[in-house]
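Engineer: Please read through the structure below; I'll follow up with questions.
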Amino acid sequence: MNILAIDTSCDETSVAITDGRRVLSNVIYSQVLLHKKWGGVVPSIAKRAHEERIDWVVKVALNKYQRGKTSAVKQKQNQEQTVEVKIEMANIDAIAVTQGPGLAVALEVGIKKAKELARKYNKKLISVNHLEGHIYSAFVQNSAGNPTKDFRFPYLALIVSGGHTEFVIFKNHLEYKIIGSTLDDAAGEALDKAAKLLGLGYPGGPVLERLAKQAGNIDSHNFPRPMLKSKDLNFSFSGLKTSFYYFLIKEKKPTAKTPLSGVKLLASSFQEAVFDTLIKKTEDAIKLTTINQLIVVGGVVANLRLRKLMKNLTKKYQGEVLFPTYRYLTGDNAAMIGVAAGYKAGKGLFVKDIDRLDRVPRLSL
Ligand code: KG4
Ligand code: ZN
């Protein structure tokens, strides 16, 4: 079953064509350059950019699919150009769209487009939870059907992105149980805020990773590890951010004159504090659930240091850890939405009344 999937949950306009677990085409038009100067995602800018780009992204995804091209492309802001491609919807069986969670004004753009396509071409519509998309990103295959790894339920999933830090038991297809989440900031958000305080720009995760690596991932400052004493599996990163903020005030915020080595050690120590918290809580979750098969997904797991720590942890428990199968699947993308939608379609879970489908910005699993 060929599905055309749309994700506009935050700052990437993405459209994919999938067939079961296979991705036949996936296009991601990132808005990161538009938001960079504001130090974070600006909703009104995101909405307008999605509106301006969505038709183009749908066209390119269909065009790539028709040409049998499957590589994921990241279109840069200034590469926009009008590409005339014949919209060929005949081979598409259903439309899928992210309903939430996400930015309301951004979600709306994708949902409107999905409804329009479903009506115009008489296709069924499937609504997908963005977080289930992230979970399925660990099982997405390329057009040739690789990797072939099959499902071995249950899994303990950790979603770590700019908006979410959640433990989920992935019991079976489309069956989830949330067992922990952040009470305030998400892990990616904490990294972004720390980078901003250090004057390193947005998004902060990749910059911190690079500087931390140059510092040898040393933890020289020993910032607090929040919530480690709590008995539950919840996170809280805002206290860490605050203590980092006051530390910088006390020690004087780095300026252009601060030796880079000092900034690197701060970046490295902050990253270690976040990751150490994630690892210790994950260890608690493994013990509590006795599940040693992990899935770690979301933007933050693009980080190789975090991957290494997660691998070491699962090894200790004779388990294994799955990450998004390809790097482009760590951040937001429509391919993972299409794959999750395929499982919903398999169970006949289509939207009953297209007119009534609406975005749910705080949708939970
Ligand atoms: O999944 P994602 O693209 O969007 C959300 O749904 O939030 O995640 C974005 C987050 C940002 O906080 C960004 O700083 C973080 O993922 N991120 C990273 C890395 N690449 C992106 N964090 C740590 N290391 C990275 N290499
Ligand atoms: Zn996401």
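The values are calculated or read from the model by the stated rules, or taken from the named source; none is laboratory data. Owing to the predicted nature of the structure, the values given are computational and were not obtained by experimental measurement. Heads up, the Cβs are rebuilt from the backbone with ideal geometry, glycines too, and the neighbour counts pull from every protein chain shown. For accessibility, only protein heavy atoms count, side chains too; no ligands or nucleic acids. Shrake-Rupley method; radii C 1.70, N 1.55, O 1.52, S 1.80 Å.
Engineer: State all residues of region 37-50 that are surrounded by fewer than 21 Cβ atoms within 10 Å (Cβ to Cβ) and either away from ligand 1 (no atom under 12 Å from the Cβ) or small (G, A, S) (or both); if no residue qualifies, say none.
Structural biologist: Once the filter is applied, which keeps residues that are surrounded by fewer than 21 Cβ atoms within 10 Å (Cβ to Cβ) and either away from ligand 1 (no atom under 12 Å from the Cβ) or small (G, A, S) (or both), region 37-50 yields K37, W38, G39, G40, V42, P43, S44, I45, K47, R48.
Engineer: When you go through L349, L278, L265 one by one, which is the residue that is touching a strand residue (DSSP E or B) at 6+ places or on another chain (Cβ under 9 Å) and not assigned by TED's automatic domain parsing to the domain that holds Y29?
Structural biologist: Testing whether each residue is touching a strand residue (DSSP E or B) at 6+ places or on another chain (Cβ under 9 Å) and not assigned by TED's automatic domain parsing to the domain that holds Y29 leaves just L278.
Engineer: Among the residues of region 128-152, write down those that are away from ligand 2 (no atom under 16 Å from the Cβ) and either open to solvent by 60 Å² or more (accessible area, probe 1.4 Å) or in contact (Cβ under 8 Å) with a residue 24 or more places away in the chain (or both).
Structural biologist: F139, Q141, N142, S143, A144, G145, N146, P147, T148, K149, D150, R152
Engineer: In region 72-79, is there at least one residue being outside any helix (DSSP H, G or I), open to solvent by 40 Å² or more (accessible area, probe 1.4 Å), in the same structural domain as G133 (by TED's automatic domain parsing) and at pLDDT 90 or above?
Structural biologist: No.
Engineer: Just need a number here: residues in region 1-30 that are within 15 Å of ligand 1 (Cβ to nearest atom) and open to solvent by 10 Å² or more (accessible area, probe 1.4 Å).
Structural biologist: Summing the residues that are within 15 Å of ligand 1 (Cβ to nearest atom) and open to solvent by 10 Å² or more (accessible area, probe 1.4 Å) in region 1-30 gives 4.
Engineer: If we scan region 92-111, do we find a residue that is of a type in the set (D, E), modelled with pLDDT of 95 or more and open to solvent by 10 Å² or more (accessible area, probe 1.4 Å)?
Structural biologist: Within region 92-111, one or more residues are of a type in the set (D, E), modelled with pLDDT of 95 or more and open to solvent by 10 Å² or more (accessible area, probe 1.4 Å).
Engineer: Among T277, T258, which is at pLDDT 95 or above and of a type in the set (V, I, T)?
Structural biologist: The unique qualifying residue is T277.
Engineer: Among the candidates V160, V207, which residue alone is at pLDDT 95 or above and either within 16 Å of ligand 2 (Cβ to nearest atom) or of a type in the set (D, E) (or both)?
Structural biologist: Just one listed residue meets the conditions, V160.
Engineer: Something else now. Among the candidates E189, E209, single out the residue that is among the acidic types (D, E), within 11 Å of ligand 1 (Cβ to nearest atom) and either open to solvent by 60 Å² or more (accessible area, probe 1.4 Å) or touching a residue at least 60 places away in the same chain (Cβ under 8 Å) (or both).
Structural biologist: E209
Engineer: Does region 322-333 contain any residue that is polar (S, T, N, Q), within 19 Å of Y155 (Cα to Cα), modelled with pLDDT of 95 or more and within 16 Å of ligand 1 (Cβ to nearest atom)?
Structural biologist: Among the residues of region 322-333, at least one is polar (S, T, N, Q), within 19 Å of Y155 (Cα to Cα), modelled with pLDDT of 95 or more and within 16 Å of ligand 1 (Cβ to nearest atom), which makes the answer yes.
Engineer: Right, D358: closer than 22 Å to S181 by Cα and assigned to a loop (DSSP other than H, G, I, E, B) or not?
Structural biologist: Considered against the rule, which asks whether it is closer than 22 Å to S181 by Cα and assigned to a loop (DSSP other than H, G, I, E, B), D358 comes out as no.
Engineer: Are there any pairs, at least 6 apart or on different chains, whose C-beta atoms fall under 7 Å, with the first in region 153-166 and farther than 14 Å from G102 by Cα and more than 8 Å from ligand 1 (Cβ to nearest atom) and the second open to solvent by 10 Å² or more (accessible area, probe 1.4 Å) and basic (K, R), and if so, which?
Structural biologist: F153/K171; P154/K171
Yes or no, residue by residue, for (1) under 18 Å from the mean Cα position of the chain (by Cα); (2) not in a helix (DSSP H, G or I):
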residue: S9; (1), (2): yes, yes
residue: S14; (1), (2): yes, yes
residue: I17; (1), (2): no, yes
residue: L34; (1), (2): no, no
residue: A46; (1), (2): yes, no
residue: H50; (1), (2): yes, no
residue: D55; (1), (2): no, no
residue: V60; (1), (2): no, no
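Engineer: Taking the stated definitions as given, is S261 in contact with a His (Cβ under 6 Å, 6 or more places away or on another chain) and either surrounded by 13 or more Cβ atoms within 10 Å (Cβ to Cβ) or not in a loop (DSSP other than H, G, I, E, B) (or both)?
Structural biologist: no
One line per residue, one yes/no per condition, for (1) within 15 Å of ligand 2 (Cβ to nearest atom); (2) in contact with a Gly (Cβ under 7 Å, 6 or more places away or on another chain); (3) open to solvent by 50 Å² or more (accessible area, probe 1.4 Å):
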{"site": "D284", "(1), (2), (3)": "no, no, yes"}
{"site": "K287", "(1), (2), (3)": "no, no, yes"}
{"site": "L294", "(1), (2), (3)": "no, yes, no"}
{"site": "T314", "(1), (2), (3)": "no, no, no"}
{"site": "G319", "(1), (2), (3)": "no, no, no"}
{"site": "F323", "(1), (2), (3)": "yes, no, no"}
{"site": "A341", "(1), (2), (3)": "no, no, no"}
{"site": "A345", "(1), (2), (3)": "no, no, no"}
{"site": "F350", "(1), (2), (3)": "no, no, yes"}
